[in-house]
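The values are calculated or read from the model by the stated rules, or taken from the named source; none is laboratory data. What you see is a predicted model, and the numbers here were worked out from it, not measured in a lab. Note that we place each Cβ from the backbone using ideal geometry, even for glycine, and neighbour counts take in every protein chain shown.
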Amino acid sequence: MTYFEGFIAPVPEANRDAYVKHASEFASLSPEFGIGRHFEAWDDDVPEGKVTDFHKAVDARPDEKAVLAFFEYPNRQARDAANEKFMSDPRMADMGKNMPFDGKRMIMGGFEAIVEEGSGGGSYTDGFVVPVPEANRDAYRELASKMAKVFRQNGATRVVEAFSDDVSKGEVTDFYRAVKAEDGEGVVFSFIEWPDKATRDDAWKAIMSDESLKPEGMPFDGKRMFWGGFEKIVDTADARTPINA
């Protein structure tokens, strides 16, 4: 099953170019570590939530934006092997000395895919982080699988839902705190890729107006879920990277 290392990072808006340069330099090394795909996307349409949101997840300051990123692997074993290589490579230590963001507030973790539809591609991505009771994992997967097909029918190029597998609790921030997870809950890291923002906007209008798609009950607390739209900036799956340097 495909495995994802998911990240959310707070980056000063003034450091966007520096961040793209930093991420692109790392992306050029990604294949050496066994990363199948290195993806980064910049905060574009990220709403403020009453309870949780992407900015609260990383204690973002007023001048900071959220970056959604992931490394994709064929399985956890490949991811674990890559992390071992990171730890022993002196280039990683050098890159870590001059990061254009506060790494202490970045959150990260390992997630195992439970739903995968499509092959991906495009310039725009919706990201989601969801608290799901472990006991409702199968019910969540059933609902997510149904909705993935709906998104694909409305133009999405890929839909992924991945359940927490190796997500640690951090000193400052982490995925569990981000969704105010309760005892017995896991965290889902999810994303939908679109050809462009216009396709995404049209799709959401159509989906939200379709009464037949409104579930009678959800296997998670929607008030603690958060989401947002992101503009792709780096993607090793593309012929050229970065996208918007």
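Counting just the residues of the stretch 163-192 that are among the charged types (D, E, K, R) and more than 19 Å from E112 (Cβ to Cβ), which one comes out nearest to the chain's Cα centre (by Cα)?
Start the filter on the stretch 163-192 by keeping residues that are among the charged types (D, E, K, R), which leaves 165-166, 169, 171, 174, 177, 180, 182-183, 185.
Add one more test, that the residue is more than 19 Å from E112 (Cβ to Cβ), and what stays is 171, 177, 180, 182-183.
On the way: E171: 21, R177: 16, K180: 17, E182: 21, D183: 23 Å.
Across the stretch 163-192, the extreme among qualifying residues is R177.
Out of (1) surrounded by fewer than 17 Cβ atoms within 10 Å (Cβ to Cβ); (2) touching a residue at least 60 places away in the same chain (Cβ under 8 Å), what's the single condition that is false for A135?
For A135, the exception is condition (2).
Can Y140 be described as crowded, with 21+ Cβ neighbours inside 10 Å, closer than 30 Å to R16 by Cβ and of a type in the set (S, T, Y)?
For Y140, the condition - crowded, with 21+ Cβ neighbours inside 10 Å, closer than 30 Å to R16 by Cβ and of a type in the set (S, T, Y) - is not met.
Are there any pairs with C-beta distances below 6 angstrom linking a residue in the stretch 142-158 that is within 19 Å of F220 (Cβ to Cβ) to a residue that is charged (D, E, K, R) and not in a loop (DSSP other than H, G, I, E, B), with the two at least 6 apart or on different chains, and if so which?
Close Cβ pairs (under 6 Å, with a partner that is charged (D, E, K, R) and not in a loop (DSSP other than H, G, I, E, B)) amount to A144/E161; A148/E117.
Within the stretch 28-62, count every residue that is part of a helix (DSSP H, G or I), within 27 Å of V130 (Cα to Cα) and in contact with a Ser or Thr (Cβ under 9 Å, 6 or more places away or on another chain).
First pass over the stretch 28-62, keeping only residues part of a helix (DSSP H, G or I): 28-33, 54-57.
Add one more test, that the residue is within 27 Å of V130 (Cα to Cα), and what stays is 54-57.
Next cut, in contact with a Ser or Thr (Cβ under 9 Å, 6 or more places away or on another chain) only: 57.
Final tally of qualifying residues: 1.
Yes/no matrix, rows are residues, columns are (1) surrounded by 17 or more Cβ atoms within 10 Å (Cβ to Cβ); (2) closer than 21 Å to Y124 by Cα; (3) touching a helix residue (DSSP H, G or I) at 6+ places or on another chain (Cβ under 6 Å):
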site: A41; (1), (2), (3): yes, yes, no
site: D44; (1), (2), (3): no, yes, no
site: F54; (1), (2), (3): yes, yes, no
site: S88; (1), (2), (3): no, no, no
site: R91; (1), (2), (3): no, no, no
site: K97; (1), (2), (3): no, no, no
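Say whether the condition of being within 21 Å of G155 (Cα to Cα), within 16 Å of the chain's Cα centre (by Cα), of a type in the set (S, T, N, Q) and modelled with pLDDT of 95 or more is met by at least one residue in the stretch 208-224.
No, the stretch 208-224 contains no residue that is within 21 Å of G155 (Cα to Cα), within 16 Å of the chain's Cα centre (by Cα), of a type in the set (S, T, N, Q) and modelled with pLDDT of 95 or more.
Kindly establish whether I207 is part of a helix (DSSP H, G or I), closer than 24 Å to A41 by Cβ and out of contact with any Gly (no Cβ under 6 Å at 6 or more places or on another chain).
On the way: part of a helix (DSSP H, G or I): yes; closer than 24 Å to A41 by Cβ: yes; out of contact with any Gly (no Cβ under 6 Å at 6 or more places or on another chain): yes.
For I207, the condition - part of a helix (DSSP H, G or I), closer than 24 Å to A41 by Cβ and out of contact with any Gly (no Cβ under 6 Å at 6 or more places or on another chain) - is met.
Could you go through the stretch 168-187 and let me know if any residue there is within 28 Å of G122 (Cα to Cα), free of Cβ contacts under 8 Å to residues at least 60 places away in the same chain and either basic (K, R) or in contact with a Gly (Cβ under 6 Å, 6 or more places away or on another chain) (or both).
no
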